[in-house]
Every structure is written in C-alpha cells, then in structure tokens.
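Worksheet: one structure, shown below.
The values are calculated or read from the model by the stated rules, or taken from the named source; none is laboratory data. Note that the structure is a prediction, hence the values are computed from the model and not measured. A quick note on method: Cβ atoms are made from the backbone with ideal geometry, for glycine too, and the neighbour counts reach across all protein chains shown. Protein only, heavy atoms only, side chains kept; ligands, DNA and RNA dropped before computing areas. Shrake-Rupley method; radii C 1.70, N 1.55, O 1.52, S 1.80 Å.
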Number of protein chains: 2
Amino acid sequence: MSAADKPKGATRGAVPDIDDLATRILNGERRALARAITLVESGRADHREATTRLLDLLARENRQSLRIGLSGTPGVGKSTFIESFGMMLIAAGLRVAVLAVDPSSTRSGGSILGDKTRMEHLSREKNAFIRPSPSQTHLGGVGRRSREAVALCEAAGFDVVLIETVGVGQSETVVSEMSDLFLLLLAPAGGDELQGVKRGIMEMADIILVNKADGDLKPAATRTCADYAGALRLLRKRPQDPDGYPKALMVSAATRDGLEAAWDDMQMLADWRRENGHWQRRRGEQARYWFGEDVRQALLARLETPWAQGRMADLSEEVAEGRVTPAAAAKDLLAGLGVG
Amino acid sequence: MSAADKPKGATRGAVPDIDDLATRILNGERRALARAITLVESGRADHREATTRLLDLLARENRQSLRIGLSGTPGVGKSTFIESFGMMLIAAGLRVAVLAVDPSSTRSGGSILGDKTRMEHLSREKNAFIRPSPSQTHLGGVGRRSREAVALCEAAGFDVVLIETVGVGQSETVVSEMSDLFLLLLAPAGGDELQGVKRGIMEMADIILVNKADGDLKPAATRTCADYAGALRLLRKRPQDPDGYPKALMVSAATRDGLEAAWDDMQMLADWRRENGHWQRRRGEQARYWFGEDVRQALLARLETPWAQGRMADLSEEVAEGRVTPAAAAKDLLAGLGVG
C-alpha cells in the first residue's frame, strides 16, 4: 500500500470526472477508491453534489461486502487482531478493507485507529485497503462520511469491510448502523470487571471475542469468556439470532489461535441471517437511518458557516449574561439564516 | 387548585394580549401562569412568536427561584416526597411550583408525573402550583418547553420550583440543564444493587436522598445511604461543591423525618454557590445550552410539517428497498424543503 491511498489535498482542485471515477472504483482501482473517500470526506458543496451522484452510480451495481463492526477499548489489542484476522482472510483469497470511525479524532488531532504502522503486514498487501478515520471538520458528519466510505469499499469489490471503533460516545451505535455483524473485542479480566462493559454494547454485540487467550493470560481469558457467555445468556433473545448466538469466544491475535473458528462462526451467522431475511431487512433499516441522519445533518449544517458560528458565539455571550433570552437570541439567529 | 390550571384548548383561539398576560403573571395570578404554560407548549408559529415576546418581557424582572431537579425511578416514592417536602416548604411560608419532565409521555399517552391525585394536600394549597408534563406533539421540544415553563414559574414569584423526572433516556440531563440543585431519590436496597444507578446520574446528583428510612426498612436505608456516601466519595471533586458535597442523606417522606435537615443542606449548598459565583456561572451556561437547543430544534422543526413527514415516509420506503441511496433521497427532500 502506497502513500497514494490518501492523496493529500487532491480534492482542493476541480471535481473529478464522476463517471470515470465510478468505472475505476468498480474495476477495483485502489487510487480511485482513495480519491473517492477523500471526496466523501470533503465539506465543499460541489464535492457533496459529486459524491451523491457517485454513490448513486455505484449503488446500481448493488455489490455487497460482509461489513464487520469491531469495537474495543485501547489496550485490548485491536490493531494486532485486525492485522492477524486480515492476513488470515487474505490468505483465504479474500479482499479486505479496514476503515476507522473515531468521533474523538478532532480533539486528539488525529486518529490512532487505522494506523498503518500498527498493521505492518496487512498494510503491504495488495488485497488490503486501510484508511484511518477522517479528521472532523464538521460536527456530526463523521458517521455519514464513514458510512459512505463503506459503500465505496463495497463497490470496489472488497469481500470484507472491517469497521473499527473505540467506545467513545455514540461511536458503537454509529458503527453498528453500518455493519452486518458487530464484534466486541475484550481483554481477559477479573470477573468483577464485567460490569465495566456498557450494557448497550453487550446488547449490540453478535460475537464477543476475548483476546490474549495465550500464555499466562489463558486461565483469566477462559474465566472472562465464561463470564461473558453467562452474561449474554441473560440478555433478551433477539430475532436476528439463530440458537447459540450471540456468543463469546476466546482468540489470540498474537498466536492466531481461535481466529479460524471465529471466522467460521461469523460466516455461519451471516449465512443464517441472509437465508432468514434478517440481512436484507437490517440493511433496509440502516438505509432509512442514514437517510434521516443525512437530512438532519444537512439542516444543522447551516450552523457551521463562519457567519453562523460567529453570530452564535456573540449571541451566546449575550444570553449567558442575561441580556437576551435564549428564545429571543434563537429567533435573531434564525432570522439571519433566513429560516425565521 | 382548580381545573382552570390547565385550560384545555385555550390556545386554539386568538393569541392572548401578551402585555396583559405578563402583568398578571408578575402579579402571581395562577390562571395567567397556566395560560402562559399552555402557550409555551403550543406548536403554532404565532404562539411561538408570542411566547418569545412574553419570556422577554418577564426576563426583565430577573426573578429567580431555587430550581430543584428531582429524579427517581418509579416506586421510590417521588410523589409522596413531593407532597411532604412541598407541604413543609409551604408551612415555612414559601410558594412552591411542581413541574414534570417526562420524555416518554407520548408513548404512555399521558404522564404519571405531576399527577395531582398523588399529591392530595399539596394540590389544594393556594401557594402550590402543579403542572404535569406536556404530551409530546413535537419531537425534541419537551426540554425547551419545560425550561420555559420553569422561567414562567420564576416570573410568577415561586420561591421553589421542583422539576420532577424519571430516568428515561436523556431526561435527567435535560432536567439538570434547568436546575440549580439536582436531587436523586432512591429506595433502600441491597448493596449489590448500587451498580443499578447510572454513573452519569451519580455525577449529576448534588444530594442523594434514600427514602423510606422508616420502620422495617430503616436498617436497609442506613446501609444503602452509607453505600452511596462511599460511592460519592469515589467521584471526582467538582468545583461547584463545598466540602462535604455531594452527600447522601436518609429521609422518610411518609413520616417526614429528615426532610428539614435535607432542606437545610439544600439551602446551605445554594448559598455557597451563590456566594462563590457558581450559581450565576451555571445559569449562564444553561442559558447558552438552551439557546443552542432552540436553534437546533427550530431547524429540525422543518421536518415536522405534514408535507415533510409524508415525503420522508415515502422516501424512506424507497431507500429501504434500495431504489435510491440515502444521500440522493436526502437531496430530494431538502430540495422540497427549499434547503438544498
């Protein structure tokens, strides 16, 4: 993988020829894919326009990848897992894309997710495509842009799209809305730490993977896996699961033990969902969700212009000092936006 | 308190004379207050316009109540607490308003909060004003309307405004954004149930009240209170707290034991915050927050017209069936709204 995967500033210039770009993406050209993702991440209105047309052209082919969401807090070994799991898929003849969704990347000034130096072998494979999380220039848009990047990877013919996130804010929910399967990666821990996992994430997970099940940590991993298997049994049965799912498994990203078995389980679950209508139904629900999000974000984007930001800051001061009520200040701003 | 506190359909007619309404509210006329709250809850554009002007007129007087947020799950005795605590405040010569914030009231077809029949004595007091949660006719607006109802109660000269909620969704956050103090009411429980309280709420609470500290439950209440006191000590110290706060106390709404002591603590905390600048700073931050919310809600309100709702439903179907991409459907809807 070359530096050309993310051509810096490439979209500062003219809008690319969309028909040509679509053809090249459908041909699986990585540079075209990278270019298109940069276009998706742009805040410019003409880029947005072009993106919409591009996605429409690509959607006609209706190509589907297996989209796997992967969450885990720092330290559980996400990068090592993606490296090992990705290499295993590539050895099986599959093409693998890795995207990162990191709503915190503005604050940290750059994402640690999707860092290619942490996926040394995978990042050199011609059948792998790794893209870090975009930096957030616009509020609330990270989800939409990531979702559209996933759609581009699907059009480019990747068999598996891994979407990596950390448990920050609503990031797991956002990732689950663009995934077919959702994996939660955990490290071995004492049983009393089980409560540290948010209930909402437990309910989202299709497969819990207890990583680092090797060497000294093997006994702890075995206990942790049993604890989570027990916790999963307490959750309400979901219609989209066959018997035995969601499940907890042990893996070792370092020794690669358990990765094949985990992949078998993922495929089994995906097949069952396809055969029982859950796959297509969920994809439909997700499309509805993103339609609603697109509309809401577009309306709220009017607050992101320099004029709106400046006026909001001024009015906020007046409101905080009690010189004007929130309602009157809102009316003032909205009139300035031509919405009043 | 008479049925006139919530004149049904009163705002279906003409917009009332706002100057006259403001004068009557400032004179403490309960019917005027009830009328104004109904106006605040209305979704009509001309009512919104009138509300903004009314709030502006009233804000010039800069009257402040002690606004106390109160959260607790069903069964902890919230209504009994409000009845006993409210009667105690009234016996001390204070005027008390009770408002309810219930984001779930659409689904349940009416709020169980602020139910006057559960506050039998308080609801008959001339110095008390009780108003149930508005039913949600508009998405996302329940917070703003409640916040403005609080401002109306302040203008009407109530000394204390109690804002009651249950722990549904974001309701505690919404209530804390309109409160000076935040109380969490709990029932006695086994120590292992402590984890059932969401961490976010613990961090929001200024005073935790363990209710039902009477009779057979007294020992359990004592243990529960000690458990929560211990848990509060583990939380990070907040700048807005003097030594010893946040704290956990035992009360019995039934026997009224501990209510006077709890009220003393609330006043002490409020005084300290006033003297140390935290009170005014927090009020300023809250005003900023509501200004931002007002603006966002006004922008999103464009999706609530019958036309927008119908068009969104149609496009959602097409999106779910894969006949159009979310981005293209969003563009279509936004063009129809004149936003594109």
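Here are a few things to note about the model shown:
- Every residue from the range B:212-242 that is open to solvent by 50 Å² or more (accessible area, probe 1.4 Å) and closer than 23 Å to B:G77 by Cα: B:K212, B:G215, B:D216, B:L217, B:K218, B:P219, B:T222, B:R223, B:A226, B:D227
- Restricting the range A:61-75 to residues that are more than 10 Å from chain B (Cβ to nearest Cβ) and over 17 Å from the mean Cα position of the chain (by Cα), the residue that is nearest to A:A97 (Cα to Cα) is A:R63.
- Leading residue by the ranking (farthest from B:A313 (Cα to Cα)) among those in the range A:282-324 that are more than 7 Å from chain B (Cβ to nearest Cβ) and in contact (Cβ under 8 Å) with a residue 40 or more places away in the chain: A:E304
- Where B:V339 falls short, out of the listed (1) among the β-branched types (V, I, T); (2) in contact (Cβ under 8 Å) with a residue 12 or more places away in the chain; (3) more than 7 Å from chain A (Cβ to nearest Cβ): (3)
- B:G310 meets each of the listed conditions (1) in contact with a helix residue (DSSP H, G or I) (Cβ under 8 Å, 6 or more places away or on another chain); (2) farther than 23 Å from B:T222 by Cβ; (3) not β-branched (V, I, T) apart from (1).
- Selection within the range B:79-123: residues that are modelled with pLDDT of 95 or more and part of a loop (DSSP other than H, G, I, E, B). The member of this set that is farthest from B:A156 (Cα to Cα) is B:A92.
- The listed residue being at pLDDT 85 or above, at negative phi and of a type outside the set (G, A, S), out of A:L162, A:L194, A:L235: A:L162
- The requirement of being open to solvent by 70 Å² or more (accessible area, probe 1.4 Å) and either out of contact with any Asp or Glu (no Cβ under 6 Å at 6 or more places or on another chain) or of a type in the set (S, T, N, Q) (or both) is not satisfied by A:D294.
- When the test is whether a residue is away from chain A (no Cβ under 14 Å) and either within 16 Å of the chain's Cα centre (by Cα) or more than 22 Å from B:K126 (Cα to Cα) (or both), B:G93 does not pass it.
- Within the range B:243-291, being open to solvent by 30 Å² or more (accessible area, probe 1.4 Å) and among the β-branched types (V, I, T) holds for one residue alone: B:T255.
- The range B:228-287 - residue that is of a type in the set (A, V, I, L, M) and not in a helix (DSSP H, G or I) and, of those, farthest from B:D159 (Cα to Cα): B:L235
- Residue satisfying condition, being part of a helix (DSSP H, G or I), among the polar types (S, T, N, Q) and modelled with pLDDT of 95 or more, within set A:T23, A:T38, A:T11: A:T23
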